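What follows is a set of notes on a single structure, which appears directly below.
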Amino acid sequence: MADDRSQKVPPSTSSNPQSTPKAPQPAQSPKGVEPETSAPKPDLNSLPDLTQGIPSTLEYETSGATDKSALAAIEETPEPQAGGRGRGELPASAYVSSRDKQRAKIANRLYLLSFGLGIVFLGYLGRDWDEEEAKVHTDIPNGWSLSLWWKRMTARFGDVKSYYSEPAFDKLLPDPDPMFERPYTLCISLEDLLVHSEWTREHGWRVAKRPGVDYFLHYLSQYYELVLFTSVPYAIGEPIVRKLDPFRFIMWPLFREATKYKDGEIVKDLSYLNRDLSKVIIIDTKAEHVRNQPENAIILKKWTGDPKDKELVALVPFLEYIHTMQYKDVREVLKSFEGKHIPTEFARREAIARAEFQKRYESEKRKRKSGIGALGNMLGLKPSNMSLMVPVDGEISPSEAFAQGKMLQDIARERGQRNYEMMEQQIRENGEKWLKEEQMATEKMQAEAMSSMKSSFTNWFLPTKQSENPTEPKKEA
Amino acid sequence: MDHTRDPCPWVILNDFGGAFAMGAIGGTIWHGIKGFRNSPMGERRIGAITAIKARAPVLGGNFGVWGGLFSTFDCAVKGIRKKEDPYNAIIAGFFTGGALAVRGGYKAARNGAIGCAVLLAVIEGVGIGFQRMLAGSTKLEAPPPPPDAEKAFA
């Protein structure tokens, strides 16, 4: 910068010899003679020489302009001089533009209108029931009294609210099919029970299957009507279910749409299930989800992706036993396990029972009585249960099995294992074929839906063509 | 678990980017037309391009700030409440509106917050209504063909 200025200075002095080389005014004052000589033409010398660059105004700013007293003087002066616009001459409302006034007026009218409409709507909500509504609300009669009107209004409000908070259907499942010989219903949750989703930055979302999930579903599908009851919405849960269970061992998948929303929480309300609640078990990971029927629930810990987990498979013997013994009310059984770890507790009880059974068996063997019927009675075996045990080919009859010292659940397990293996073999042999058939069917259905949609669209756009057709022959005729 | 969206801290980035893209694309269309219409004949194309270059990124930035801020507040609210429901979005909208208007003073911040919360509440309400409408299609019917489990079992 210094170099620039030194270069610029010589031309300026040469062009205007009268001006001093130093531009700022204070520098000029020490030379007392010059101001006097330049008195007739003060502008030229008192003004800064802009060829030297713009002089700093810092001094002026710090001293003069921002001085508050100076400002106050400027502000105060116009007041006495003000013409028609002075303060206090007219009321403040005189200075609001007519446009603003109009706007405010319209806004006020709108507020009033919406308030009035709200009142009218509330009154309308309390109107008499129409025929269909009267069937539902039999407790509140029609009539003109204020309390009745209030009750109808609140009931209608409640209807609207429940439309959004209740499950989408009164009966979540179709009526039980008597041909489908599974008296018990098992509801299973999805996330953190059968699968676990995890997210990493590299891979995004990935879903892991819990160890033994396939075995659990395939094996228990012999005994239970499997229902997947999850709080995940349909759009997210459905693809996971299709992938997890392509052969549809899960009979009914129920999603978020089937849950109830209560006090800010999602509740799986089994009373909507359309099944006898004494024969329904629900396995879940969250106690709040089943808080309407905690007595039907088995609460498992969340599975967080541990590949050595055995909790799910460990439940199989217990669930199988419930089916084997044909309990009238599963809630009582679950109650006896309350607060205990079900697999270990069940194993403990089974060990005790087995020891007892062995003791009896030994004594029976010694006595050599024909003790099968007595044994059956001892175990609480009813004739109806015996009929379930009709031997399939390749299976020894129950009496023989008893003679070999097998308990009832052992027989059931052998049967179950055999069926399971048959099932697995079928899947290995025909699984791909079934999947292909199903895919074909869905594709066909999609194509049909697409074509029907297209035809409906074209009908939309060409409505005249069809109406023209009947007229054309007439013209020809 | 919603597999269409990343989990919480990361989703802020997604939302910011998505909102920016939305604003930038929308701004391109909006200011493209505006610049075109407001230019004299013969300079309409260059006028449109100039307007887009000057204003679309700004609009994108504004949208992005809104989206990113909203998502940040949403995550914060989720983390504090440990719940997933429509109130998360409404509370986050309240704070977003307030934060964006805070330079206008207390009154502006309050009005912005309330307005934004109401907007978000309307959006959430419409979403719930739609979900309820679509829920009707998930009804389970007794299947005409027996499932494959039956086939295998028989």
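What follows draws every value from the coordinates through simple rules; no lab data is involved. Worth saying up front: this structure is predicted, and the values here are computed from it rather than measured. Methodologically, a virtual Cβ is constructed for each residue, glycine included, from the backbone with ideal geometry; neighbour enumeration extends over all protein chains shown.
Results, tabulated for the structure shown:
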item	result
Cα→Cβ-extended label distance, 7 Å offset, between A:K243 and B:A108, nm	4.9 nm
Note, ³J(HN,Hα) from phi for region A:409-422, Karplus 6.51, -1.76, 1.60, rounded to Hz, x at Gly and Pro	5, 5, 4, 4, 5, 4, 4, x, 4, 5, 4, 4, 5, 4
Label point 7 Å beyond Cα of A:S455 along Cβ direction - residues of region A:403-447 with amide nitrogen under 20 Å	A:441-447
Backbone N under 16 Å from the A:L125 label point (7 Å along Cα→Cβ), restricted to region A:151-184	A:151-165
Inter-label distance, nm, simple model (7 Å from Cα along the C-beta direction), A:T138/A:A235	4.1 nm
Extension gain from A:V313 to A:E421, taking 0.36 nm per residue of separation minus the Cα-Cα distance	37.2 nm
Nitroxide proxy distance, nm - points 7 Å out along Cα→Cβ at B:I80 and A:A447	5.7 nm
Peptide-level mean, for B:133-139, of C-beta atoms on other protein chains within 10 Å	6
Peptide-level mean, for A:248-257, of C-beta atoms on other protein chains within 10 Å	4
Highest-first arrangement of A:222-228, A:271-277, where packing means the average Cβ count within 10 Å	A:222-228, A:271-277
Region A:263-290 residues near the modelled B:Y87 label - backbone nitrogen below 17 Å, point 7 Å along Cα→Cβ	A:263-267
Chain B, relative contact order in percent, only Cα pairs under 8 angstrom and at least six apart counted	18 percent
Over 22 Å between alpha carbons, listed pairs A:K260/B:K83; A:K310/A:K359; A:K243/A:K454	A:K310/A:K359; A:K243/A:K454
Residues with amide H under 5 Å from that of A:I283, placed H, sequence gap 5 or more	A:C187, A:I188, A:S189, A:I298
Cross-link table A:K328/B:K82; A:K328/A:K406; A:K151/B:K107; A:K105/B:K78; A:K135/A:K286; A:K279/B:K139, entries beyond 31 Å C-alpha to C-alpha	A:K328/B:K82; A:K151/B:K107; A:K105/B:K78; A:K135/A:K286
Gain on full stretching of the segment that runs from A:K359 to A:M325 - 0.36 nm per residue minus C-alpha separation	10.1 nm
Computed FRET value (nearest 0.05) for A:E166 with B:N14, which takes r as the C-beta separation and R₀ as 30 Å	0.35
Residue-wise HN-Hα coupling along region A:156-165, computed from phi with Karplus coefficients 6.51, -1.76, 1.60 (Hz; x: Gly, Pro)	5, 4, x, 4, 4, 5, 5, 4, 8, 9
Calculated [θ] (222 nm, deg cm²/dmol) that DSSP helices of n ≥ 4 give over chain B, each run adding -39,500 (n - 2.57)	-27000 deg cm²/dmol
